[in-house]
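The structure appears right after this line, and notes come after that.
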Amino acid sequence: MTDTLSFEETAAKYPEFPRLIMLKTDIHRRGVYYTPKAIEAVDVEKHQLGGTHIFGTRDGKLTKRPEAFVLRDGISVLSTPTPLENNPYVIDLIDDRLVLTDGENVLEEVFYWEKPDCYGKRTSSGASMQNIVGWLYLTPNRYCHFWTNDDGCRFCDIVNNLKQQKDEIEMQTRIKPKDVSETIKGALKEKGRFTAVCITSGSDFHGKEPFDKEVDYYIEILNSVSENFTTNKIPVQIACTAIHKEQLKRLYDNTNILSLTMNIEVLNEKIFKIVCPGKARWVGYKEWKRRLIDAVDIFDESRVNTGIVSGVEPALLFGFKSEDEALEAVIEEADKLASYGVSTVNMVWVPRPNTYLANQKNASLEYYVKLSYGLQEIRRKYNLKIDFDDYRRCGNHPDSDLARAF
């Protein structure tokens, strides 16, 4: 799909949309390329390098590059290293400053993330703490069982990325709860750095009832996290498969969990079946939405959300007639969910190599601006908070970044 407006043209058309949030959105959309000088500026003793993320890079490489960087207002931008031929933004070292450039234009100064003190340390079993947690983001199970039958989400490279990480950076497929507890304990020694814990893993449909084993494992992991806290509930969010009401209640009653995400990925039933065959087979689109609504009864409003991989909807492969038509459909579905107390957040779709959609193009920047506005306005309409998945807890959603400004 051809972009109609450049970044500057989009910023001029939507002057009320915070410029740096728009820039972050476009960086996720287009990706970044680090020049040799920018790589040389990395201090391996100081900066947090890539390696812990559940998904792979756009260029398919695991070389030592920054995990993320920060813009001048404190916005964090996850790094998406991208080949130069794909027209990414470029991070370069100019006049001893790290800067984000677009062609000949220097747009912003950037600052590489500094790594937590626990990085470089190991648990009592010998596991590398930096391969267990990244900014208190845990991925205890890196294998998605939907891929066993080639039913994984078509934009997803979780299994291919796992294989590469196991070969190159001693990444474990499944983390032991004790290692999680020790890593969280180590991370919390750095007072004031972290505000919440986020946990996500691949889907596991095994058990007496589908996903029982996934729930069991999450309970183990959550309780290992809770060993480091003394309160009834702790600021922890879990992103799991859409589990049924009895499983939701078991998860809530047996842990200190405070909030829940069950990512539907696509807010359109037809495209959901094509893009998410495993989720369609084991749960189904209508049932996924029903389980999200059921979760509100247990976790309460403003404590349940779902994520979409935005930009998949209008991809040429699936055939909405226009981005506006796709946008209207997504906003309508998100509004219905919000009327029951469920928020929707969007993640900019990154076409990655070794996925079914590797050669597709994501949506225009204007599409993401309109979508982010729309989702933020829906939350305002229904008075839904997103403080468990906002710019301080995740930083991967353009719409929840807007909570800083509106």
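The numbers here are math on the coordinates, done by the rules we state, and not lab data. Computed from a predicted model, the values in this text were never measured in an experiment. Quick reminder, even Gly has a Cβ in these numbers, built from the backbone with ideal geometry, and neighbours come from all protein chains shown.
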Practice problem: Report, by chain and number, residues whose modeled amide H sits under 5 Å from the one on Glu108, excluding near sequence neighbours (fewer than 5 apart, same chain). | Solution: Leu100
Quiz item: Going by how many other Cβ atoms sit within 10 Å of their own, how do Val110, Val70, Val304 line up, fewest first?
Solution: Val70, Val110, Val304
Exercise. At 10 °C and 1.306 mPa s, grab the translational diffusion coefficient of the chain from Stokes-Einstein with a Kirkwood Rh over Cα pairs, rounded to a whole number in µm² per second.
Key: 74
Quiz prompt | q = 0.25 Å⁻¹, region 327-380: log10 I(q)/I(0) [Debye, one scatterer per Cα] | solution = -0.94
Quiz prompt | Of Pro351, Pro15, Pro88, the one that fluctuates the most in a GNM where the chain has Cα springs shorter than 10 Å | solution = Pro15
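If each residue's Cβ is checked for other Cβ atoms within 10 Å, how do Lys286, Lys273 rank with the fewest at the top? Could you put the intermediate results ahead of the total?
Values: Lys286 10, Lys273 15.
Ordered by Cβ neighbours within 10 Å, fewest first: Lys286, Lys273.
Where does each of Arg58, Arg380 land when they are ranked from fewest to most other beta-carbon atoms within 10 angstrom?
Working: Arg58 22, Arg380 13.
By the 10 Å Cβ count, ascending, the order reads Arg380, Arg58.
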Quiz item: Which whole-number percent is the relative contact order of the chain (Cα, under 8 Å, 6+ apart)?
Solution: 16
Exercise. Output ³J(HN,Hα) for region 294-308: one whole-Hz value per residue in order, computed from phi by the Karplus curve 6.51 cos²θ - 1.76 cosθ + 1.60 with θ = phi - 60°, and x for Gly and Pro.
Key: 4, 5, 4, 4, 9, 9, 5, 5, 6, 10, 10, 8, 9, x, 10
Quiz prompt | In Å, descending, principal axis extents of the Cα set of region 209-264 | solution = 32, 19, 15
Quiz item: What full-extension length gain, to one decimal in nm, is calculated for Thr230 and Lys321 as 0.36 nm per residue of separation minus the Cα-Cα distance?
Solution: 27.4 nm
Practice problem: Kindly write out, for region 178-183 in residue order, the coupling ³J(HN,Hα) from the Karplus curve 6.51 cos²θ - 1.76 cosθ + 1.60 (θ = phi - 60°), rounded to whole Hz, with x marking Gly and Pro. | Solution: 5, 5, 5, 4, 5, 5
Quiz item: Using only Cα atoms, what Kirkwood radius does region 116-257 have, in angstroms?
Solution: 15.8
Exercise. At 7 Å along the Cα-to-beta-carbon direction for both Val106 and Glu190, put a label point, then send me their distance in nm to one decimal.
Key: 2.9
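Given region 31-112, what percent of its DSSP beta bridges are antiparallel, to the nearest 5?
On the way: 15 of 19 bridges.
Around 80 percent antiparallel, to the nearest 5.
Evaluate the relative contact order of region 116-257 (contact order divided by residue number), counting alpha-carbon pairs under 8 angstrom at least 6 apart; express in whole percent. Let's see the in-between values first.
Numbers: 194 pairs, mean separation 36.1, N = 142.
Rounded, it is 25 percent for region 116-257.
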Quiz item: Among the lysines, which fall within straight-line cross-link reach of Lys37, defined as a Cα-Cα distance under 24 Å, with same-chain neighbours fewer than 8 residues apart omitted?
Solution: Lys24, Lys46, Lys61, Lys64, Lys115
Quiz item: Taking the Cα centre of the chain as the origin, how large is its charge dipole in debye, to the nearest 20, when only Lys and Arg (+1) and Asp and Glu (-1) carry charge on their Cβ atoms?
Solution: 1060
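Could you please tell me the mean projected area of the C-alpha convex hull for region 31-112, averaged over all directions and given in square nanometres to one decimal? Don't skip to the end; give the middle numbers.
Values: hull surface 21.7 nm².
Answer in nm², one decimal: 5.4.
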Quiz prompt | From phi via Karplus (6.51, -1.76, 1.60), per-residue ³J(HN,Hα) for region 82-99 in Hz, x at Gly/Pro | solution = 9, x, 4, 5, 8, 6, x, 5, 10, 9, 9, 9, 10, 6, 6, 10, 7, 9
Exercise. Quote the FRET efficiency, to the nearest 0.05, computed for Arg404 versus Val99 with a Förster distance R0 of 22 Å and r equal to the Cβ-Cβ distance.
Key: 0.45
Practice problem: For the chain, set up a Gaussian network in which alpha carbons nearer than 10 Å are linked by springs, and say which option among Ala326, Ala242, Ala295 fluctuates the most. | Solution: Ala326
Exercise. Amide H neighbours of Glu67 under 5 Å, at least 5 residues apart or on other chains, H built in the peptide plane: list them.
Key: Gln48, Leu49, Gly50
Quiz item: How large is the helix-only mean residue ellipticity at 222 nm for the chain, computed as the sum of -39500 (n - 2.57) over DSSP H runs with n ≥ 4, divided by its residue count, in deg cm²/dmol to the nearest 500?
Solution: -10000 deg cm²/dmol
